[in-house]
1. Calculate one ³J(HN,Hα) per residue across region 100-114 by plugging θ = phi - 60° into the Karplus curve 6.51 cos²θ - 1.76 cosθ + 1.60, and present them in order as whole Hz with x for glycine and proline.
2. Normalised radius of gyration for region 26-125, please: alpha carbon Rg relative to 2.2 N^0.38 Å, two decimal places.
3. So if the hydrodynamic radius of region 68-197 is defined as the Kirkwood radius over C-alpha pairs, what does Stokes-Einstein give as its diffusion coefficient at 37 °C and 0.692 mPa s, in µm² per second?
4. Heavy atoms only, 1.4 Å probe, whole protein assembly: order Ile235, Ile19 by accessible area, highest first.
5. Give me the Kirkwood hydrodynamic radius of the chain in Å, from all C-alpha pairs, to one decimal place?
6. Place a point 7 Å from Cα of Phe117 in the direction of its Cβ. Which residues in region 36-69 have their backbone N less than 20 Å from it?
7. Evaluate Rg over Rh across region 204-268, taking Cα atoms for both radii and Kirkwood's formula for Rh.
8. From zero up to wherever the largest Cα-Cα distance of region 1-59 sits, split into 5 Å bins and tell me the percent of pairs in each.
Amino acid sequence: GREDGGLSSVKASESVEIIGSNIPNFFTGFHNMVEPDATGSAGNITIDTPQLTVSGASLILTSTLGIGDAGDLNINTNKLDIQNGPQVTTATFAVGNGGDLTITATESVNITGTNDFPLSTRLFSTAFSDSTGDAGNLSIITSKLNLVEFGRLESQTFGSGNAGNMTLEVDNLAIRDGFQVLTGTLGGGNGADLALIAAESVEIDGFNNTFDILPTGLFSVSQEGSTGDAGNVSITTSQLSLTQNSRISVRTDGSGNAGNINLEVDNLTIRDGSQIATETFAGGDRGREH
């Protein structure tokens, strides 16, 4: 209807565990939603606890399928563990805008995928196909951010609305074993900018063999068939290391332009077939590396 939805607020003095089944797409968790044709906005979801664990086919989601905006998703914790298939997301499928997804963790955020169902473990903000609303921004603030094994941290648009920007503020970031940090567009909207600020180090480590596996790294892409521009990738850190066929890439496969790569580092290591690249495979212009 026309009225706004209520808030979902969870406060736990010790821990919150959201444990799904082992069946993909059968989810356990929290969901605040604007139904089709509704003009009211959905409420926010806020989880405040020292320890939050989200595992299996579980879900924390704010979304809109109507005219009203989706709510924001806010997680405040000391330690966040996301593992083995869950999805933590804000999304728009329609006219309303997606909500912002903000995680503040004083100690660490650990996102671990699974080789059994690659990319089923995702933390993302998305404007889906046929949507005209913009996706929300995605922000993570933590000391240690560990991203491991075929999961994805993602901000994308599939529609005419723009993707939300992604900001990662950490002391140390490790990306390994097929995990992808991705911003992009598959529609008319523009892709998100990715800003990574790491006080100490960024380590990106892939595989010895690049065949038949997902590449590990940071990516900004304007996909085939899209007309929107890809976003920029900027990294500020003391130590940046790319090993074992890992990548930092901005590219366009569509008519939109690729973004730029901007690096401000004290020490840069690239080895074992790793690459930092700006690329075009279609009508759009390639970006620049700085």
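1. Listing the rounded values in order: 7, 10, 10, 10, 10, 10, 5, 9, 7, 10, 10, 10, 10, x, 9 Hz.
2. Working it through for region 26-125, the quotient is 1.09.
3. Translational D for this selection: 228 µm²/s.
4. Ranking Ile235, Ile19 by accessible area, largest first, yields Ile19, Ile235.
5. 18.9
6. 53-63
7. 1.04
8. 5, 17, 18, 18, 17, 14, 8, 2
The values are calculated or read from the model by the stated rules, or taken from the named source; none is laboratory data. What you see is a predicted model, and the numbers here were worked out from it, not measured in a lab. Using ideal geometry, Cβ is built from the backbone for each residue, glycine included, and neighbour counts are taken over all protein chains shown. Heavy atoms of the whole protein, side chains included, go into the accessibility calculation; ligands, DNA and RNA do not. Shrake-Rupley method; radii C 1.70, N 1.55, O 1.52, S 1.80 Å.
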